[in-house]
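Inspection log for the structure reproduced underneath, given as structure tokens.
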Amino acid sequence: MKEFKNILFVSQGLPENRDSIEQALTLSKRNNASLMGLIVSPALPKNMANYRDAYQQSLRDTLDKEITQVQQTIEDNADLPLAVEIACGDKPALKIIQCVQNHHRDLLIKQAEPINDGAEGFKALDMKLLRKCPCPIWLHRSSVKPHSHKRVAVAIDPIVHSEEDKQLVLQLLTVARSIADSCDSRLHIISCWQYELESYLRHHSWIQIDDEQLNQEIELLRDNHRQQLDNLIEESGIAGEFTVHHINGRADDEIPQCVAILEIDILVMGTIARSGIKGLVMGNTAENILQSLTCSLVALKPQGFVSPIT
């Protein structure tokens, strides 16, 4: 992930940021990258204005303590400064995105908002960032595994319709490969294909499509999808150990299930689709996948994406 040179670490002013702090510090050190921190939190009411300085200092102290504890676990940490700004008030997503824009950050690292036991997906602030933040986002979820033992997967659709689509797929592969190299080294590549007419043609007797002909059509689609997938993997130039999971089914059903079965800790995926009318928007498939995940997420957007927040 050496393309990331200006990293923003975001805290919501609460403890338990250790995983995301460690990733931000380690990645900054590895890439010789600029790193800054931002604390976003609710503002005190006006009748408590006398406590504002103490409140903000408490936020800083809590984060500084976590940063110091993490730095003590990182080798050669003497040159890991982290200047921190505080932004109190409502609309935290707006404050974060404006910080990304004003400071020209190219990666946002944040602890995912906690979810209730048994729940899945990402909560409101994280979803706003996934939809509107102009740079890639790494949302961490805490894990008992050491980073070197974590499993990494990337979800890609090889059926590209533009140069932007193709470049996004290639970037997904290279970023996921880089993350996997720092984890357990094996990269899992997940890609789903589906012959959408199969259930209509096979189960409606009035159409009377020959089964052999239908099977040939399905096999042709599968082979074409796999060939394009293999071509993009080869073009990406990724090396190292990887396993391809070429799955027949809907991506929003199969990807979360595959992630769970493989016990994936970090999933890399694109979150934006082209609408053709209003530019770039979150696609329905991506929305459904995100609401079914319990692992950490690295989300990328295609080149040319412009945040609606200015």
- Looking only at the stretch 295-310, and only at residues there that are buried (at least 18 other Cβ atoms within 10 Å of the Cβ) and not hydrophobic (A, V, I, L, M, F, W, C), the one that is modelled with the highest pLDDT: Ser296
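Among Lys145, Lys132, Lys128, Lys123, which is open to solvent by 60 Å² or more (accessible area, probe 1.4 Å) and either modelled with pLDDT of 95 or more or closer than 21 Å to Leu63 by Cβ (or both)? Walk me through how you get there before you give the answer.
Working: Lys145 fails: either modelled with pLDDT of 95 or more or closer than 21 Å to Leu63 by Cβ (or both); Lys132 fails: either modelled with pLDDT of 95 or more or closer than 21 Å to Leu63 by Cβ (or both); Lys128 fails: either modelled with pLDDT of 95 or more or closer than 21 Å to Leu63 by Cβ (or both).
Going through Lys145, Lys132, Lys128, Lys123 in turn, the sole match is Lys123.
Can you confirm whether Asn215 is of a type in the set (S, T, N, Q), modelled with pLDDT of 85 or more and assigned to a helix (DSSP H, G or I)? Can you show your working first?
On the way: of a type in the set (S, T, N, Q): yes; modelled with pLDDT of 85 or more: no; assigned to a helix (DSSP H, G or I): yes.
When the stated conditions are applied, Asn215 does not pass them.
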- Message: I'd like the full set of residues that are touching a His at 6+ places or on another chain (Cβ under 6 Å) and open to solvent by 80 Å² or more (accessible area, probe 1.4 Å), limited to the stretch 222-276.
- Response: Arg226
- Item | Considering residues of the stretch 45-90 that are touching an Asp or Glu at 6+ places or on another chain (Cβ under 9 Å) and at pLDDT 85 or above only, the residue surrounded by the fewest Cβ atoms within 10 Å (Cβ to Cβ) | Val84
- Item | Candidate set: the stretch 175-205, residues that are part of a helix (DSSP H, G or I) and of a type in the set (Ser, Thr, Tyr); chosen: the one modelled with the highest pLDDT | Ser178
- Query: Are any of the residues in the stretch 27-44 over 18 Å from His140 (Cα atoms), under 20 Å from the mean Cα position of the chain (by Cα), hydrophobic (A, V, I, L, M, F, W, C) and assigned to a helix (DSSP H, G or I)?
  - Reply: no
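The values are calculated or read from the model by the stated rules, or taken from the named source; none is laboratory data. Keep in mind it's a predicted model, so treat the numbers as computed, not measured. We place every Cβ from the backbone using ideal geometry, glycine too, and count neighbours over all the protein chains shown. Protein only, heavy atoms only, side chains kept; ligands, DNA and RNA dropped before computing areas. Shrake-Rupley method; radii C 1.70, N 1.55, O 1.52, S 1.80 Å.
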